[in-house]
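Only one structure is covered here, and it is reproduced in the block below.
Taken together, the values in this text are just the output of simple stated rules run on the coordinates, not laboratory data. Bear in mind that the values here come from a model prediction, so they are computed numbers and not experimental data. Cβ placement follows ideal geometry from the backbone for every residue including glycine, while neighbour counts extend to all protein chains displayed.
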């Protein structure tokens, strides 16, 4: 029996499309599941320097659960690159205005901080409603 460490190559691992319904799920727990699948850590052939993850479709992003008073108290900040341009708004208002942004930011912060994370984020598709335009591909529930 040969004992060698397996390293996946870029084209070796097929990427599967997976679907997650965010209705009623806590934001952090949902983001952990999605980030794990995007990185490919759910696969036995996971290799840190190769994109072995799957595509993930998240629907019902507007119905994601924020526990406690986070909808009113937790602030999302962004900087406009102008002096005095720090913009803040609550998670509740972001969820009403652009719900997919909450999930995208939570997942992005759980991915590795390198160039490969950009490729992983391109495989994340988040939609505020129950419908998604990826009906032509075979989707596996997560």
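Helix 27-39 and the longest principal axis of the Cα set of the chain meet at an angle near 30°.
Relative to the longest principal axis of the Cα atoms of the chain, the long axis of helix 99-110 lies at roughly 50 degrees. Based on the Cβ-Cβ distance from residue 16 to residue 81, what FRET efficiency comes out when R0 is 41 Å, to the nearest 0.05? The value I calculate is 0.60. If you wrap the Cα atoms of segment 93-140 in a convex hull and average its projected area over all directions, you get 4.4 nm². Over the residues of the chain, the helix contribution to mean residue ellipticity at 222 nm works out to -8500 deg cm²/dmol, using -39500 (n - 2.57) for each DSSP H run of at least 4. Over all Cα atoms in segment 17-141, the spread is summed up by Rg and Dmax: 15.4, 49 Å. Shape of segment 1-53 from the C-alpha gyration tensor: prolate (a/c of 1.5 or more and a/b above b/c, with a ≥ b ≥ c the square roots of its eigenvalues).
Comparing 90, 80, 47 in a Gaussian network model of the chain (Cα springs below 10 Å), the most mobile by mean-square fluctuation is 80.
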